[in-house]
1. Compute the helix-to-body angle for C:2-30: its Cα long axis versus the longest principal axis of chain C, expressed 0 to 90° and rounded to tens.
2. Cβ neighbours within 10 Å, averaged per peptide: list C:67-73, C:98-104 in order, most packed at the top.
3. If the viscosity is 1.567 mPa s and the temperature 4 °C, what translational diffusion coefficient in µm²/s does Stokes-Einstein give for chain C when Rh comes from Kirkwood over Cα pairs?
4. Put +1 on the Cβ of each Lys and Arg and -1 on the Cβ of each Asp and Glu in segment C:140-356; which of C:Tyr201, C:Ala158, C:Phe313 then has its Cα farthest toward the positive end of the dipole?
5. What are the ³J(HN,Hα) values, in whole Hz, obtained from phi via the Karplus relation 6.51 cos²θ - 1.76 cosθ + 1.60 with θ = phi - 60°, for each residue of segment C:144-150 in sequence order, with x given for Gly and Pro?
6. Which stretch or stretches of segment A:43-65 have amide N atoms under 16 Å from the point lying 7 Å from A:Arg73's Cα along the Cα→Cβ direction?
7. If one puts a single equal scatterer on every Cα of chain A and applies the Debye formula without solvent, what log₁₀ I(q)/I(0) results at q = 0.10, 0.13 Å⁻¹?
8. Per 5 Å bin, what is the whole-percent P(r) computed from every C-alpha pair distance within segment C:96-187?
Amino acid sequence: MDLITPEFGLVFWTLIMFMILLFILRKFAWKPILGAVSEREEGIKKALTAADEARREMENLQADNERILNEARAERESMLKDARDMKAKMIADAKEEAQVQANKMIEQAQAAIESEKKAAMTELKNHVAGLSMEIAEKIVGAELSTDKKQLELVDEMLKETTLN
Amino acid sequence: MTITGIAAIGAGLAAIGAGMGIGRIGGSAMEAMARQPEMHGKIQSSALILAAFVEAVALFGVVVAFLQG
Amino acid sequence: MRINTFRNLLLITTFLVIGNFGFASSDKESGDDAEFDPKEMILHHVKDAYGMHLFDWDGHPISIPLPVITYTDNGFTVFSSSEFHHDYSGEVIVEKNGQKFANVHEKVYVLNEGETEVTYDAEHHPTNAKRPIDISITRNVFMMMVSVVVLLLIFLSASRRYKNSKDNVPSGIASFVEPLVLFVRDEIGRPMIGEEKYKKYMPYLLTIFFFIWINNIFGLIPILNGANLSGNIAFTFTLAVLTFIITNVSGNKNYWKHIFWMPGVPVPMKIFLMPIEIIGVFVKPISLMIRLFANITAGHVIILALMSLIFVFKTIAIAPVSVGFALFITVIEIIVTAIQAYIFTILSALYFGMATEEAHH
């Protein structure tokens with residue numbers, strides 16, 4: 001029974017000591033310690049948020065870079081394509097022109113050949129005619145020794161040549 | 001048998017009851033912790049609180065024994 | 001690292017256990033002719049005392065004398081406990097301030113007018129003496145003062161560390177203290193009371209946790225002769241009453257409604273529950289009080305009982321068994337010191353949380 005009866009003296013001292021302890025520690029220990037801890041926790045939280053934000057910004061920046069790079073690449077691509085097209089066109093144009101030129105030259109050549117041929121033919125004709133005339137003269141000199149015969153021949157020839 | 005002896009038997013009986021109670025709490029807590037290791041801390045603290053409640057009953061018995069002793 | 005810690009723990013506990021021989025043996029010597037009475041020895045050590053008995057040297061007890069302070073009709077009387085000459089059987093009478101004082105089983109009695117010797121009834125209660133109002137610095141009060149000084153030293157120097165560091169980084173003693181403080185805040189205060197209101201109760205919870213813990217630890221140190229402060233009902237009673245007062249002062253409408261008119265149950269049940277809840281209001285702090293007292297006292301009793309086995313059997317052969325068991329119990333007691341402080345604090349926090357909980361039906 002003795003063991004479980006609270007002694008007044010000890011209750012009194014416990015109360016006083018506990019109150020002193022509570023008062024002093026609350027003011028000079030718990031407040032600074034808890035304050036420092038929560039301040040630090042706030043700081044860490046803030047730092048984490050800041051880091052998160054920075055990372056997001058970085059990601060945005062990276063995305064931007066990517067986009068710009070892509071755009072540049074596309075542009076280069078299109079420029080290359082244009083150049084290639086132009087080259088092809090130029091080659092085609094040149095080819096065409098050359099073709100036209102060649103055709104023209106061939107035509108001219110053909111025309112020249114034709115005219116040369118004609119000229120040659122005429123010359124040949126003339127030459128042949130001269131020759132024939134000479135031959136004819138010689139033959140005729142012998143044949144046409146009389147006037148009669150001459151006249152007969154002229155008539156015959158006239159008849160033949162009027163058709164020409 | 002003196003009154004002190006009877007009180008001692010009473011304290012012993014109280015200890016048996018509390019022992020069974022705390023044993024069940026401990027066993028179930030262990031099982032729960034094995035099943036959900038991630039809840040380890042929560043289960044442990046609530047098991048301790050429950051054990052304290054069960055123990056209080058046994059301690060009432062012990063105090064009655066003290067009263068007689 | 002872990003093995004080292006374990007070895008240190010074992011060394012310390014062995015020291016604690018061997019130290020316990022000291023006070024077991026001292027009693028044996030003081031009653032050489034009488035039969036060794038383990039019950040008397042144990043109760044003597046579990047209870048409070050006026051002097052701080054350290055050890056016996058050459059048959060003479062060495063102790064720190066502490067002041068005895070009493071208040072009677074004649075006013076305050078203060079004298080040193082050494083004037084009783086280590087007597088607690090009421091034989092030595094000290095005359096002070098026109099009154100005669102006697103120490104009967106570590107309780108000071110004032111002899112009635114004209115008496116010169118204490119007389120007892122059949123149950124060994126003094127018949128011709130009264131208890132004065134006694135606010136002596138007993139060994140428990142002395143150890144409590146020591147613990148208060150130690151706590152102040154630890155925590156004030158810890159908080160100074162924070163003040164001196166620029167970025168609130170703990171160093172030195174603060175890095176030892178901070179995890180414990182954070183434990184009380186994050187494992188006890190926050191989950192039990194709730195995020196919004198826990199801050200108001202933190203100083204009380206922290207103070208009570210460390211106050212109980214350090215006194216539990218001091219109770220295990222044998223050279224202090226096991227000043228069993230936290231195993232003393234007066235100490236636990238005071239703390240439980242403080243928890244009771246804070247709970248009921250901070251109780252809101254919802255709390256009282258749950259006690260007197262439980263919502264959500266039929267009317268006959270409300271009437272039936274009301275007395276149960278009202279009893280519960282008082283049982284909660286009583287169970288807090290009994291739990292801490294009985295746990296710590298039981299630990300001391302068991303260790304001392306194991307030690308007294310040696311003197312009961314009067315042989316040294318039993319010593320290894322005694323020491324082995326006592327070592328085991330002491331290791332458990334070291335854990336119990338922390339667990340009981342934790343449980344007292346967490347249950348206080350739970351009651352505060354129940355008292356301040358908002359209605360959510």
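1. Approximately 40 degrees, to the nearest ten.
2. C:98-104, C:67-73
3. Estimated via Stokes-Einstein, D reaches 55 µm²/s.
4. C:Tyr201
5. Computed from phi, the couplings for segment C:144-150 are 5, 4, 4, 5, 5, 4, 4 Hz.
6. A:62-65
7. One equal scatterer on each Cα of chain A leads to -0.87, -1.01.
8. Percent of Cα pairs in each bin: 3, 11, 14, 12, 9, 7, 6, 6, 6, 8, 9, 6, 3, 1, 0.
The values are calculated or read from the model by the stated rules, or taken from the named source; none is laboratory data. Predicted model, so just to flag it, every value in this text is computed and none were measured. Here the Cβ is made from the backbone with ideal geometry for all residues, glycine too, and neighbour counts use every protein chain on show. Remember, those area values only see protein heavy atoms, side chains included, never the ligands or the DNA or RNA. Shrake-Rupley method; radii C 1.70, N 1.55, O 1.52, S 1.80 Å.
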